[in-house]
Amino acid sequence: METSNYYEELKKPSWAPPGQIFGPIWMVLYIIIFISFGYVVYLYFKDIIPFIVLLPFILNLIFNFAFTPIQFRLRNNKLATIDIFLTVGTLLWALYAIYPYASWVSYINIPYTLWGIFASALQFTIMLANRKKL
């Protein structure tokens with residue numbers, strides 16, 4: 001509830017979706033992440049891929065899960081913007097790294113990638129619009 005109130009209080013662009021849409025979108029994306037990232041971990045433990053291919057997936061999860069506490073507990077728009085850029089950057093690195101081994105993992109993550117790019121633009125715009133709240 002506090003998270004929702006904080007999001008509603010922020011100045012947002014006219015193209016920002018309502019706060020209640022984020023939950024259902026992330027539910028679908030987390031299913032995609034669980035399946036595809038779980039498969040990558042499986043490939044690593046079967047010695048099919050090297051650690052350097054697994055690494056960006058691990059970093060992506062860390063940055064992904066760090067966003068909500070940074071944005072809504074710390075209420076730090078600037079750090080949240082950096083974090084979301086790192087989330088998208090590690091996702092792109094991960095999908096590039098896994099493509100030669102399991103191209104379907106890259107394809108299934110297209111919705112996650114598109115949402116990450118959209119969310120990055122939204123977060124950057126929110127950060128700029130709420131500079132006094134930094």
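Modelled spin labels at Ala121 and Tyr101, positioned 7 Å past Cα toward Cβ, are 3.2 nm from each other. Would you check the chain for Lys pairs whose C-alpha atoms are within less than 26 Å, ignoring same-chain pairs closer than 8 in sequence, and give me the count? Pairs that pass both the separation and distance tests number 8. For the pair Tyr30 and Ile110 in one chain, pulling the backbone fully straight at 0.36 nm per residue adds 27.5 nm over the alpha carbon distance. Here the mean projected area of the convex hull built on the C-alpha positions of the chain is 7.9 nm². Computed from Cα positions, the angle between helix 22-45 and the longest principal axis of the chain comes to roughly 30 degrees. Angle of helix 77-98 to the longest C-alpha principal axis of the chain, folded into 0 to 90 degrees and rounded to 10: 20°.
Each value in this text was obtained by applying a stated rule to the coordinates, not by laboratory testing. Since the model is a prediction, treat every value here as computed from it, not as a measurement. Neighbour counts are summed over all protein chains in view; Cβ atoms, including those assigned to glycine, are modelled from backbone coordinates with ideal geometry.
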